[in-house]
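Nothing in this text is a laboratory measurement; each read-out follows from the coordinates by a stated rule. Values in this document were obtained by computation on a predicted structure and should not be read as measured data. Backbone-built Cβ (ideal geometry, glycine too); neighbour counts: all protein chains shown.
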Amino acid sequence: MTIIVKKNFSPSLFNIIKHKINNQELVSLPTETVYGLAGLGTNIKSANKIYQIKNRPLHKKLIFHCSDIKMVKRFFFLDQENEILAKRFWPGPITLILKRKSLQIPKSLTLNNDCAVRIPRNDFTIEVIKKIGSPLVMPSANKFKKLSPINAKMVAEQFKDTNLFIIDGGKCSVGLESTLVKIRNSELEVIRPGKISIEQLKKELPYISTKKNGEKFFSGTSKKHYSPNKKIYLDVKKPLNKTAYLNFGKKHKKEFKNLSQKGSLNEAAKNLYHFIFLADQNKNFKTISIAPIPHRDIGEAINDRLKRASK
């Protein structure tokens with residue numbers, strides 16, 4: 001049975017978390033994107049436990065989370081172009097592909113020495129990483145290919161047959177996984193879209209060219225992903241009976257939930273996984289239908305997740 005503890009900054013809670021992580025135990029921590037499943041980034045046993053509990057294939061690499069840029073530079077090479085993005089968007093929902101610098105990072109957790117790295121925008125989790133003193137590997141706290149959790153209850157539901165220690169930090173403020181970016185030879189590749197758009201990236205690096213995404217070894221690149229148990233239908237304007245209709249914009253008489261009645265894509269992103277979770281749990285519905293979502297800004301990431309979820 002999972003253990004859920006409300007987030008607080010007491011020394012005793014930090015000591016419990018530090019003890020667990022330093023002893024190769026896993027802890028679920030909140031971030032601004034989704035809840036993560038945290039283990040020691042310098043210990044292969046911790047990483048193996050993450051792969052095992054998530055049923056995640058070993059070729060899918062994990063994301064390293066650091067407390068600040070100083071820690072990033074201690075463990076990874078931060079070149080000029082990546083540093084421009086780091087100083088602009090960290091802490092925040094962007095993950096950069098950087099080369100391993102420290103031999104403390106197990107080579108098997110890299111892809112030819114490439115590592116996915118970010119600094120989360122969550123004061124509590126940053127403080128945990130500071131107290132540990134080294135990066136944490138922290139993929140989303142879900143079973144492989146299943147729905148990502150944006151609150152503690154969603155984490156507990158997927159790991160109810162374990163004794164996972166979960167920190168309840170409330171609802172995630174972004175609600176979608178980070179933008180995953182790789183820069184090589186003045187070419188920028190968005191491996192996974194997120195809140196930080198390609199337009200925002202190009203504004204910081206106006207001279208850089210973009211490359212088509214061909215990466216398949218990092219998070220969020222599986223064709224089927226983020227999936228509930230029920231079948232999802234996309235771009236639905238006229239929902240059928242027995243479907244949980246997640247609407248967007250103007251109220252619809254058959255809607256189960258409205259992702260954003262005022263048409264805010266940021267609000268829709270924040271609600272997306274939670275509303276899909278509620279629809280999946282509701283026994284009155286056999287399927288889930290989603291209204292059309294505009295393909296702009298974070299809407300690009302929303303549609304990416306929905307496309308994978310509906311496979």
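List of remarks:
- Packing, taken as the mean count of other beta carbons within 10 Å per residue, orders the peptides 40-48, 169-177, 256-264, 278-286 from highest to lowest as 169-177, 40-48, 256-264, 278-286.
- Measuring against 25 Å, Cα to Cα, the residue pairs Lys153/Lys253; Lys101/Lys203; Lys6/Lys262; Lys20/Lys87; Lys60/Lys101 contain Lys153/Lys253; Lys101/Lys203; Lys6/Lys262; Lys20/Lys87 as the ones spanning a longer distance.
- Segment 77-96-segment 161-193 distance, computed between alpha-carbon centres (Å): 14 Å
- Net charge over other residues, Cβ less than 15 angstrom from the Cβ of Gln52 (K, R count +1; D, E count -1): +4
- Contact order normalised by residue count of the chain, Cα under 8 Å, 6+ apart, percent: 20 percent
- Taking amide H positions as modeled 1.01 Å from N, with prolines and chain starts lacking one, the residues under 5 Å from Lys195 and 5 or more places away or on another chain are Thr179.
- Computed over segment 1-108, the quotient of the alpha carbon radius of gyration and 2.2 N^0.38 Å is 1.15.
- Taking amide H atoms as placed 1.01 Å from N in the peptide plane, the amide H of Ala38 lies under 5 Å from those of Val27, Ser28, Leu29, each 5 or more residues away in sequence or on another chain.
- Given Lys145/Lys242; Lys237/Lys311; Lys73/Lys131; Lys182/Lys231; Lys145/Lys286, the pairs whose alpha carbons are separated by over 22 Å: Lys145/Lys242; Lys182/Lys231
- Cα-Cα P(r), segment 231-309, percent of pairs per 10 Å interval: 21, 59, 20, 1
- Each listed q (0.10, 0.12 Å⁻¹) maps to a log10 I(q)/I(0) for the chain, found by the Debye formula over equal Cα scatterers with no solvent: -0.54, -0.78.
- Convex hull volume of segment 37-82 per residue (C-alpha atoms, cubic angstrom): 93 Å³
- If both residues of a DSSP beta bridge must be in the chain, then about 45% of such bridges are antiparallel.
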